[in-house]
């Protein structure tokens, strides 16, 4: 009878430990999934801001089509080719955003040198809108990078690394700008 009691105690302990481990596993997996969903939603916001930046740039180009010098038009067309590429990967989003910013910097440099352009209210409205989009992108970038940092810390930390390895979860890339936007 005593051996049978120990068998039941052992089986109960193993069952209890299994339930605790499975609960822990699913909780950790849920945390990973939640962060992944949040980062994907933030990436959608980044895409929206990049698309708005493209719209503002197109409006600037229409407004300035006859005023831009040939050298700037050439540089803009070369950068525009890079902008039209796919933006599925983080580094592609970074490149597109940076190229758009460089194009607007070129436009701003010409606007500063031209008194008539610098007094154009429509142009100033677009440039102000551009600045707001740049600042919005920086805020969104910080939020995204915060989530990625949290996720990456959990991926490499013990014991959550076990869940990450079992589910083939990899580190996420940060969204970093290669240039800091300075307004004119």
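What pairs come out if I take residues in the stretch 53-67 that are under 15 Å from residue 99 (Cβ atoms) and pair them with residues that are part of a helix (DSSP H, G or I) and at pLDDT 90 or above whose C-beta lies under 6 Å away, six or more apart or interchain?
53/133; 56/126; 56/129; 56/130; 60/126
Checking the condition under 20 Å from residue 135 (Cα atoms), assigned to a helix (DSSP H, G or I) and modelled with pLDDT under 85, which residue from 94, 75, 51, 109 passes? Show your work before the answer.
Values: 94 fails: modelled with pLDDT under 85; 75 fails: under 20 Å from residue 135 (Cα atoms); 51 fails: modelled with pLDDT under 85.
Of 94, 75, 51, 109, the one residue that is under 20 Å from residue 135 (Cα atoms), assigned to a helix (DSSP H, G or I) and modelled with pLDDT under 85 is 109.
With respect to residue 59, determine if the residue is part of a helix (DSSP H, G or I), over 13 Å from the mean Cα position of the chain (by Cα) and modelled with pLDDT of 85 or more.
Judged against the criteria, residue 59 is a match.
Take the stretch 96-107 and flag every residue that is buried (at least 19 other Cβ atoms within 10 Å of the Cβ) and touching a residue at least 60 places away in the same chain (Cβ under 8 Å).
Across the stretch 96-107, the qualifying residues are 97, 101.
Scanning for something farther than 18 Å from residue 76 by Cβ and modelled with pLDDT under 85, does the stretch 132-145 turn up at least one residue?
Scanning the stretch 132-145, I find no residue that is farther than 18 Å from residue 76 by Cβ and modelled with pLDDT under 85, so the answer is no.
Can you name the condition, by its number, that residue 116 falls short on among (1) within 18 Å of the chain's Cα centre (by Cα); (2) at pLDDT below 85?
(1)
Checking residue 171 against (1) in a helix (DSSP H, G or I); (2) free of Cβ contacts under 8 Å to residues at least 60 places away in the same chain; (3) under 30 Å from residue 29 (Cβ atoms), only one condition comes out false. Which one?
Going through the list (1) in a helix (DSSP H, G or I); (2) free of Cβ contacts under 8 Å to residues at least 60 places away in the same chain; (3) under 30 Å from residue 29 (Cβ atoms), residue 171 breaks only (1).
The values are calculated or read from the model by the stated rules, or taken from the named source; none is laboratory data. What you see is a predicted model, and the numbers here were worked out from it, not measured in a lab. In this analysis, Cβ positions are derived from the backbone assuming ideal geometry, glycine residues included, and neighbour counts consider all displayed protein chains.
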